[in-house]
Structures are given as C-alpha cells and as structure tokens.
Amino acid sequence: MDLRQLKAFIAVAKARNFTRAAQELHMAQPPLSRQIQQLEEELGVLLLHRTRPLRLTDAGRLFYEEALQILGRVEQMKEGTRRVGRSERRVVTLGFVASTLYGGLPTVVRRLRQRRTDLDVRLLEIMSVQQVEALKTGRIDVGFGRIRSSDDGIERQVLREERLVVAIPPSHPLASRHDALPVSGLAGQRLIIYPSTPRPSFADEVLSLVRDHALRPESLQEVRELHTALGLVAAESGICVLPASARSMRRDLHYRLIDDERVTSPIIMSYRRNDDSGLAGQIRAICHEMYAESPPWMEAPPHTPPAA
C-alpha cells in the first residue's frame, strides 16, 4: 500500500464514479480500477459496492476517513519540514464560524501568539459542518463551531453554552421593552435566519426552536451570512435570533435576551483525535482561563441603541 493508492481511493470515494475520478487524477480508468482492486486484495475486504453510483462499504467508509487523515498528516509533515529547513515558524490554522469572532476567539488567538512565539497562527472562516473534513485533510488544526457532530476521528469539547438574543429594529414594537423576550414572542414575526448554506448550521438550531414551541412566524427569510441578517434587521425587514456575544457586531439595533436558560448555542472546539502536538490542550486551557475571568461580552445585558 502506498500514498498513490490512497489518493486514488479518495478520488474514487469522492466522485462515486471511476471515470470521473480517473479524469480528476489525469489517468486512464483501467489502471485506476486495478489500484483499487489491489488495495482490496491486500486488505482482504471490499471497499466499494460496484453500483451506479459507487457506494462505500462499511470497511470502505472507515478506510476513507483514515486515508484522509494520513494524507493530511503527510502534507503537514512536508510543509513543516520545509519551514524548519527555511528556519520559519510552524503554521497553525484555526477554523472558526463568524459568531465566535465577536466573543472570545480574538482573546484566545492573542494569548496563544504570546505564549507560542514559535507558531504562525492563522485564522480561516469555515462553517461548522465543513470543519470535520478540514481537520482530517489538515486544512485546519483546531476548529471553533456551533454544530454538534459525531466522527470517530475527531475529538469535540463544548467550551460554553451561550445564551441567545433577538436583534430587533429600534422602531419595532418589541423594541419598546428591555426585559427578556419569551420564546412565544417570535410568533407572528418576520424571522431572518442564517446561514442558508451549508447545512446543518445555526439556522437549523433556530428552526428547531420555532418547531419545538409550535410557533408560526409570519415569514422566514434565509440569508448566507450573519452580517447580512443584521443588515436586514436594520432595514426593518424582520428580526433575527443570534448568540449573545455577536450583538456587538451592530450597535444600532435593540437586543433582548430570550427568556429561557435552556435556549442556548454551544461553542464547540474540535481537533484531530490522534493529534499529539499538545496544541489542543494548550488552547483549551487558554479558553478556560479566559472564561474564568468573566469578560464583559459573556454575561453583559443586551445592548440598547442610544436615543436618536
């Protein structure tokens, strides 16, 4: 078994078609088919069901996940070796969803850079559902997201359950009060949710909240990004549910906490299960240290825009 065969299998598993995979690899189909057959013979199991489209067997799914991790680690090893040879710092990439950028992520990154001067810490905005594969392929080293997932190759830790608030145009009737808003207050409203893609996402958490309480909004509008959703709120197109820390993104809106301590959105840290670099543990310790300090954005009352 060699890396060339692993790359071939990953291409076939993704394309679900030998012809398309061969085109992507710039090779003929018969040699590609032989490589997969040789893999199966060496392992003594079938990796693919030869249907249309191709389907991975249970063994094939496991092999695919492991192959992704191996190739990701190989690329990291090559790049790390080149950087050491050029006397450069190791690059570490943290994936994040936009809402975490308005909470503790900047503090975590700043402290990590102060304590690990040997690292070149970079940030990549990437949706929660995309972080698993990005971790396996080595595109990111640690992810900060909000969607719970299950994957044998990935470790997850919920760092915090964050309360949700409702962003409201200052002219809206709901903006006349400053107390917490009952979940029932969302009924009959024009609700703006984000992100529209990819799914599952924070949008599904909001939709679950609506369904669980049997609410009937006047309308639902899905948009791709958080800043677009808040822009539409400012334009009086509706209201939007979001994590409390993200309210600092726009200060011209009225925010009311949702009156239910169970209505939260998790901040989830994810990293590769076989990562022995110690990086995840250090970041986790920084996060706990930061939360213990109770920074203002954690539990401050919802912001009310100044009077005109």
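Taken together, the values in this text are just the output of simple stated rules run on the coordinates, not laboratory data. This one's a predicted model, so the numbers in the text were calculated from it and none came from an experiment. Positions of Cβ are generated from backbone atoms using ideal geometry, with glycine treated the same way; all protein chains shown enter the neighbour counts.
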- Qualifying trypsin sites (Lys or Arg not before Pro) for the stretch 1-45 [loop in DSSP, other Cβ within 10 Å: at most 15]: R16
- Message: Per DSSP helix of 4 or more residues, -39500 (n - 2.57); summed, then divided by the residues of the chain. What does that give at 222 nm, rounded to the nearest 500?
- Response: -12500 deg cm²/dmol
- Gyration tensor on Cα atoms of the stretch 160-265, a ≥ b ≥ c root eigenvalues, a/c under 1.5 rounded, else prolate if a/b beats b/c, else oblate, says rounded
- So how far, in whole Å, is the C-alpha centre of the stretch 1-34 from the one of the stretch 186-235? 41 Å
- Message: Quick check for me: using +1 on Lys/Arg Cβ and -1 on Asp/Glu Cβ, what's the dipole size of the stretch 160-265 about its Cα centre, in debye to the nearest 20?
- Response: 160 debye
- Message: Are there any GluC sites (Glu not before Pro) in the stretch 1-95 that are in a DSSP loop and have at most 14 other Cβ atoms within 10 Å? List them by number.
- Response: E88
- Roughly how many debye, to the nearest 20, is the charge dipole of the stretch 3-80 about its Cα centre, given +1 on each Lys and Arg Cβ, -1 on each Asp and Glu Cβ, and no other charges? 340 debye
- Most positive-pole-ward Cα, S208, A229, I258, against dipole of the stretch 160-265 from beta carbon charges: A229
- Roughly how many debye, to the nearest 20, is the charge dipole of the chain about its Cα centre, given +1 on each Lys and Arg Cβ, -1 on each Asp and Glu Cβ, and no other charges? 780 debye
- Query: Residue separation times 0.36 nm, minus the C-alpha to C-alpha distance between E293 and D212: what's the value?
  - Reply: 25.7 nm
- Placing each pseudo-label 7 Å from Cα in the direction of the beta carbon, E41 and R284 end up separated by a distance in nanometres of 4.4 nm
- Item | Answer label, with mean projected area of the Cα convex hull in nm² calculated from the coordinates and candidates (1) 15.5; (2) 19.8; (3) 13.7 | (2)
- Item | GluC sites (Glu not before Pro) restricted to DSSP loop in the stretch 252-301 with at most 12 other C-beta within 10 Å | E261, E293
